[in-house]
Amino acid sequence: RLTTAANTLVNALNTARMEAIKRNASVQFCSDSATNNTDDNLGAGCGTSSGAVVVQTTSTTTASVLDSAPGLATPVQLSGDITAIRFNSQGIGYEAGISSAPFSGTVATLCVPSSGLSSNNRITIGMTTGTIIATTTTTTTSTETCP
């Protein structure tokens, strides 16, 4: 379930990037936090739909949902918030509300409490230079909590 949830989020990131290029428009991969999504039309289209993909074309002021938010099945949990990533028409991702440099960092961390999975119970989804997506599997130590 953990791997499936991580793969679903990675797929949504790739969908957002490809749709931005195909539509020559801004497309956002949504956070679970409305604040992270920003309050402009594109971010408002996200609400709190974590992992959803939303597009806004230049001909309209409203955003449309292209891909709905994937659900996390128990026991998979989100550790912290998902970072909202906005892709431009060139397919480069920036943190929503920040367009000074392509995004590099953690997009999301998913985990399963150690009582449900004793090893490899945390997957971190990261992005480098706004385009390269990678996942890292680790084990939560006894001092860490999930989430």
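Laboratory data are not the source of any read-out in this text; all were calculated from the coordinates shown. These numbers come from a predicted model, not from an experiment. Note: ideal-geometry Cβ built from the backbone for every residue, glycine included; neighbour counts use all protein chains shown.
If you wrap a convex hull around the C-alpha atoms of the range 1-89 and split its volume per residue, what is the figure in Å³? Before the final figure, lay out each step's value.
Values: hull volume 6.5 nm³, N = 89.
Dividing the Cα hull volume of the range 1-89 by its residues yields 72 Å³.
Working from Cα positions, state the angle (0 to 90°, nearest 10) between the long axis of helix 2-23 and the longest principal axis of the chain. Tilt of helix 2-23: around 10 degrees.
Find how much the distance from residue 22 to residue 48 grows on full extension, using 0.36 nm per residue of separation minus their present alpha carbon separation; answer in nm with one decimal.
Between residue 22 and residue 48, full extension yields 6.8 nm more.
Site pair residue 120 and residue 98 shows an inter-label distance of 3.2 nm when each label is modelled 7 Å from Cα along Cα→Cβ.
Determine the relative contact order of the range 44-137: mean sequence separation of Cα pairs under 8 Å and six or more apart, normalised by residue count, in whole percent.
It rounds to 19 percent for the range 44-137.
The HN-Hα couplings worked out from phi for the range 71-79 by the Karplus form 6.51 cos²θ - 1.76 cosθ + 1.60 (θ = phi - 60°) are x, 9, 7, 4, x, 5, 10, 8, 9 Hz, whole numbers, x standing for Gly and Pro. Once both labels are positioned 7 Å from their Cα atoms along Cα-to-Cβ, the gap between residue 35 and residue 64 label points is 3.2 nm.
The helix-only estimate of mean residue ellipticity at 222 nm for the chain, built from DSSP H runs of length n ≥ 4 each weighted as -39500 (n - 2.57), is -6500 deg cm²/dmol after division by the residue total.
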